[in-house]
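One structure below.
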Amino acid sequence: MTASILRQQLAEPGMIIAPGAYDGIGARLIEQAGFGAVYMTGAGTSAALGYPDFGLLTMSEMVANAAAMANAISVPLIADADTGYGNELNVTRTVREYEARGVAAIHIEDQVSPKRCGHLDGKQVISREEFVSKITAAVEARRGTDFVIIARTDARAMHNLDEAIWRANAALDAGADVAFVEALQSLEEVVVVPLRVRGPCLLNIVPGGRTPVYDLRQVEDMGYKMVLLPGLMLKAAIEAGDAALAALKASHMAPSATESVAEVFRRFGADEWDALRTRFNAGAAMGR
């Protein structure tokens, strides 16, 4: 299971870099580029279904996308699980559904539902007690000990950094494996979090967002164990798509190919499926 691979990565030296994707194509490209983990972005998943990241997707929609992405790769998938989609009972089901689909880790946050993108204004957070209770439920719900629970707090925006750090430490005390303080607002805050949080820390880097960090080597030197780049494939797809469509509209020329159709399919397992078909056909021929 990929959850055990992620557990091993957390125990080893170095920082886990998980570029974000919103479908199986992006997930496969990230794996083929040599990254050891993939992140399923909730914002990208929402956009792929035609919605902004305003908490409009259901747990079932998010789990279905996570299942497809996890099935497309052999490296761990870390997935957005928003607020856990309700109270402690809903969180329990959420953990079990993601875990059953082969996801290696999820993060659950302390926003009031319906949530908003962590880098937008207008967020609200639940009480300390309710957040810790939901993290406790998530920890107890997992079937296997390898499944990783990441506790995300958005309290920096609604309260202050001290409150966010208190919640991160309380979540770790409740059994969470990684602490995720969202939308830090300065380089000084980014530096402080791994110094004051008593456990592995995750940093989320969103282009155009609140957190002003770009050099991942710097992030690792600060002591972070994991970094997410949720908008990477979404941004690339939007920019490349806009450019391709503008070129088509201006020139009325079909684009040339850099890879053949066969080469494209080979990146998604065509050789393995062809070999399987050849083996079955050979067996059928021998049985005649």
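The values are calculated or read from the model by the stated rules, or taken from the named source; none is laboratory data. Please read these numbers as outputs of a predicted model, since none were measured by experiment. All Cβ positions, even for glycine, are placed from backbone atoms using ideal geometry, and neighbour counts span all protein chains on display.
Say whether the condition of being modelled with pLDDT of 90 or more and touching a Pro at 6+ places or on another chain (Cβ under 7 Å) is met by at least one residue in segment 214-222.
Yes.
Within segment 1-60, track down each residue that is of a type in the set (Ser, Thr, Tyr) and not in a loop (DSSP other than H, G, I, E, B). Outline the logic, then answer.
The initial filter retains those residues of segment 1-60 that are of a type in the set (Ser, Thr, Tyr), namely 2, 4, 22, 39, 41, 45-46, 51, 58, 60.
Correct list: THR2, SER4, TYR39, THR45, SER46, SER60.
Picking from THR2, THR41, which residue would you name as being surrounded by 19 or more Cβ atoms within 10 Å (Cβ to Cβ) and at pLDDT below 95? If you could, list the steps in order and put the result at the bottom.
Numbers: THR41 fails: at pLDDT below 95.
THR2 is the lone residue from the list that is surrounded by 19 or more Cβ atoms within 10 Å (Cβ to Cβ) and at pLDDT below 95.
Limited to segment 55-84, what total is found for residues that are within 18 Å of ASP110 (Cβ to Cβ) and either surrounded by fewer than 21 Cβ atoms within 10 Å (Cβ to Cβ) or small (Gly, Ala, Ser) (or both)?
5
Let me confirm something: among ALA155, ALA179, ALA171, ALA183, which residue is in contact (Cβ under 8 Å) with a residue 40 or more places away in the chain, farther than 27 Å from TYR51 by Cβ and in the same structural domain as ARG7 (by TED's automatic domain parsing)? Spell out the reasoning first.
Details: ALA155 fails: farther than 27 Å from TYR51 by Cβ; ALA179 fails: in contact (Cβ under 8 Å) with a residue 40 or more places away in the chain; ALA183 fails: farther than 27 Å from TYR51 by Cβ.
On inspection, the qualifying residue turns out to be ALA171.
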